[in-house]
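Chemist: Can you read through this structure? Questions will come right after.
The values are calculated or read from the model by the stated rules, or taken from the named source; none is laboratory data. Please read these numbers as outputs of a predicted model, since none were measured by experiment. As a convention, Cβ positions derive from the backbone with ideal geometry for all residues, glycine included, and neighbour counts pool all protein chains shown. Each accessible area value is taken on the protein alone, full model and side chains, heavy atoms only, with ligands, DNA and RNA left out. Shrake-Rupley method; radii C 1.70, N 1.55, O 1.52, S 1.80 Å.
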Amino acid sequence: MPYVQGLRCRECAREYPAEALHACEWCFGPLEVVYDYAAIASRTTRGSIAAGPNTLWRYADLLPAASDGAVSLGAGMTPLIRADRLAAELGLGELWIKNDALNPTGSFKDRVVSVALTRARELGFKVAACASTGNLANSVAAHAAHAGMESVVCVPADLEPAKIIGTAVYGGRVVAVEGTYDEVNRLCGELAAVHPDWAFVNVNLRTYYAEGSRTLAFEVAEQLGWQAPDHVVVPIGSGSQLTRIARGFAELHDVGLLPDAPHTRVSGAQAAGCAPVATAFAEGASAVRPVRPATIAKSIAIGDPADGGYALDVVRASGGAVGAVTDAEILQGIRLLARSEGIFTETAGGVTIATLARFAAEGVIRPDESVVAYVTGNGLKTIDAVAGACAPTVTVPPSLDAFEAAVGSIGEA
Ligand SMILES: *Cc1c(COP(=O)(O)O)cnc(C)c1O
Ligand SMILES: [Zn+2]
């Protein structure tokens with residue numbers, strides 16, 4: 001990590017060495033990685049990036065860990081799909097889906113985990129750990145197995161079965177905690193103090209973890225031919241991903257990879273059953289009030305989001321908005337994306353698409369904007385959400401006549 005200068009407190013700007021630190025000793029503000037942008041600008045080019053691996057590690061110059069020893073299952077460089085059929089349905093113009101459901105364990109969390117565990121290994125950690133709403137659990141367990149690290153993963157006990165099974169299969173320790181994610185997260189904060197030799201990717205390693213989300217901006221810009229989109233729609237759990245996507249576009253300009261300063265409007269998407277940031281946005285409030293989550297979108301059901309206030313600031317400064325959609329709209333969003341574009345997303349992606357649809361209808365997103373919607377997780381993980389609404393069209397005996405009578409006319413004009 002030749003370009004990392006250290007860590008800096010977001011609130012009071014005190015500086016720290018690049019160790020496993022996440023909060024300022026002075027003011028408890030979050031720490032952020034500081035890079036030498038001038039050095040990156042002088043050496044990193046579009047060509048050097050294109051010559052790198054077909055994973056997020058092609059942006060190693062902008063990451064806080066070395067690609068040589070990367071803990072990688074191949075996360076990143078997921079498809080950016082032009083979504084003309086969905087755009088037509090919503091009355092939009094240039095619309096793209098960043099399909100991060102296609103990461104190794106089926107969600108964008110593979111990005112943050114690959115970066116956090118690579119740094120954790122550099123710092124000498126042998127145990128990977130996390131508090132998770134599900135996708136992070138899958139990803140930490142998988143990457144730890146790949147890296148030969150032990151893992152301890154804490155999840156709310158009422159998680160979707162696919163997310164529990166899809167974590168336990170990797171052979172680490174899975175602890176189902178009888179409580180909400182916010183309670184699991186608080187427990188992990190206490191555990192991190194008792195077990196300083198465990199790398200909690202989203203607690204003591206959070207500074208490095210958060211950096212991985214910037215690759216969602218880097219890749220989109222590269223895939224658009226080195227351009228930033230006019231508007232992005234991003235789901236909000238902790239708010240980390242949204243703030244880092246915004247920063248990622250700005251940094252590409254700082255290091256000379258985008259000639260013009262981007263003016264990307266950043267909009268956030270939440271479920272109405274857990275919408276602390278959307279509520280603060282609607283009320284014009286400056287602080288985010290915690291809520292108790294009740295929604296099918298469990299992967300983003302964080303009632304007390306760590307980066308909620310920063311996400312609010314980013315959205316407001318960029319001219320975006322934050323929407324909150326009902327569980328019924330989430331299910332419609334999942335089916336709309338599947339039906340119009342052939343992409344099956346989990347409930348968090350349903351939140352993004354439903355918010356996109358709402359904002360298109362309200363004119364918050366305009367047809368003259370180029371828009372990227374971030375689809376962050378795979379539908380196969382939350383199959384129960386749509387199970388009731390998706391059944392065989394018809395059941396027939398194995399006979400030609402029965403088939404023809406039931407569905408033979410499909411495709412006739
Ligand atoms: C964790 C998660 C998010 C939210 O990311 P934050 O950085 O916590 O805001 C969005 N989508 C999916 C599928 C997730 O697993
Ligand atoms: Zn500070």
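Chemist: Can you give the local net charge around M77? Use residues other than it whose beta-carbon is closer than 13 angstrom to its beta-carbon, Lys and Arg +1, Asp and Glu -1.
Modeler: Overall, the nearby charge balance is -1.
Chemist: Further question: Modelled label-to-label distance, C12 and D197, 7 Å Cα→beta-carbon offset: nm?
Modeler: The answer from the label model is 3.2 nm.
Chemist: Counting each DSSP H run of 4 or more residues in the chain as -39500 (n - 2.57), what helix-only mean residue ellipticity at 222 nm follows after dividing by all residues, to the nearest 500 deg cm²/dmol? Don't skip to the answer; put the middle values down first.
Modeler: Values: 16 runs with 161 residues, N = 413.
Rounded to the nearest 500, the figure is -11500 deg cm²/dmol.
Chemist: Give me the tail of P(r) for segment 192-290 as a percent: Cα-Cα pairs with distance above 19 Å. Spell out each step's value before the answer.
Modeler: Working: 2576 of 4851 pairs.
Cα-Cα pairs of segment 192-290 separated by over 19 Å account for 53 percent.
Chemist: Over 14 Å apart: what share of the alpha carbon pairs of segment 80-157 falls there, rounded to a whole percent? Mind showing how you got there, number by number?
Modeler: Details: 1969 of 3003 pairs.
Percent of Cα pairs beyond 14 Å in segment 80-157: 66.
Chemist: Would you mind estimating how fast segment 281-413 diffuses translationally, via Stokes-Einstein at 10 °C and 1.306 mPa s with the Kirkwood radius over Cα pairs, in µm²/s? Walk me through the intermediate numbers first.
Modeler: On the way: Rh = 17.5 Å.
Answer from the Stokes-Einstein relation: 91 µm²/s.
Chemist: Determine ³J(HN,Hα), in whole Hz, for all residues of segment 283-297 in sequence, where each value follows from phi through the Karplus function 6.51 cos²θ - 1.76 cosθ + 1.60 and θ = phi - 60°; x replaces Gly and Pro.
Modeler: These are the phi-based 3J(HN,Hα) values: 7, x, 7, 9, 10, 9, 8, x, 10, 9, x, 8, 7, 6, 7 Hz.
Chemist: Based on a Kirkwood Rh over C-alpha pairs, give the Stokes-Einstein translational diffusion coefficient of segment 284-325 at 25 °C and viscosity 0.890 mPa s in µm²/s. Mind dumping the intermediate values first?
Modeler: Working: Rh = 11.5 Å.
Stokes-Einstein gives a translational diffusion coefficient of 214 µm²/s.
Chemist: In addition: How much accessible area does T393 have with a 1.4 Å probe, in Å² rounded to the nearest 10?
Modeler: My reading of the accessible area for T393 is about 130 Å².
Chemist: If you average the C-alpha positions of segment 45-110 and of segment 134-201 separately, how far apart do those two centres end up, in angstrom?
Modeler: 25
Chemist: How big is the Rg/Rh ratio for the chain, C-alpha atoms only, Rh by Kirkwood, two decimals?
Modeler: Values: Rg = 21.3 Å, Rh = 21.7 Å.
That ratio is 0.98, to two decimals.
Chemist: Between the helical axis of 240-254 and the dominant principal axis of the chain, each derived from Cα atoms, what acute angle in degrees is found, rounded to the nearest 10?
Modeler: Computed tilt is about 70 degrees.
Chemist: Whole angstrom only: what separates the Cα centroid of segment 3-35 from the Cα centroid of segment 273-306?
Modeler: 26
Chemist: Determine the sum of side-chain charges near S213: Lys and Arg each +1, Asp and Glu each -1, restricted to other residues whose C-beta is under 15 angstrom from that of S213. Show your work: numbers first, answer last.
Modeler: Details: positive: K98, K109, R111, R119, R206, R214, R244, R247; negative: E32, D100, D110, E211, E219, E251, D307.
Once positives and negatives cancel, what remains is +1.
Chemist: Rg and Dmax of segment 146-192, Cα atoms, in Å?
Modeler: Expressed in Å, the Cα Rg and Dmax of segment 146-192 come to 11.2, 30.
Chemist: Grab every C-alpha pair in segment 10-91, bin the distances at 5 angstrom width from 0 up to the longest one, and report whole percents.
Modeler: The calculated distribution, bin by bin, is 3, 11, 14, 14, 14, 13, 12, 9, 6, 3, 0.
Chemist: For every other residue with a beta carbon closer than 15 angstrom to the beta carbon of Y37, add +1 if it is Lys or Arg and -1 if Asp or Glu, then tell me the sum.
Modeler: Numbers: positive: R8, R43, R214, R247; negative: E32, D36, D61, E211, E251, D254.
So the environment of Y37 carries a net charge of -2.
Chemist: Across bins of 10 angstrom width beginning at 0, how are the C-alpha pair distances of segment 289-363 distributed, in whole percent?
Modeler: Percent of Cα pairs in each bin: 19, 43, 34, 5.
Chemist: Hey, another quick one. If you line up the long axis of helix 181-194 against the longest principal axis of the chain, both from Cα atoms, how many degrees apart are they, to the nearest 10?
Modeler: Value to nearest ten degrees: 30.
Chemist: Report the FRET efficiency, 1/(1 + (r/R0)^6), for E190 and T393, where r is their Cβ-Cβ distance and R0 is 56 Å, rounded to 0.05.
Modeler: Working: r = 52 Å, r/R0 = 0.92.
Between E190 and T393 the formula returns 0.60.
Chemist: Report the Cα-based extents of segment 329-404 along its three principal axes, largest first, to the nearest Å.
Modeler: Rounded to whole Å, the extents work out to 51, 26, 17 Å.
Chemist: Moving on. Ignoring the sites themselves, what is the longest stretch of the chain with no GluC sites (Glu not before Pro) in a DSSP loop and at most 11 other beta-carbon atoms within 10 Å?
Modeler: 179-411
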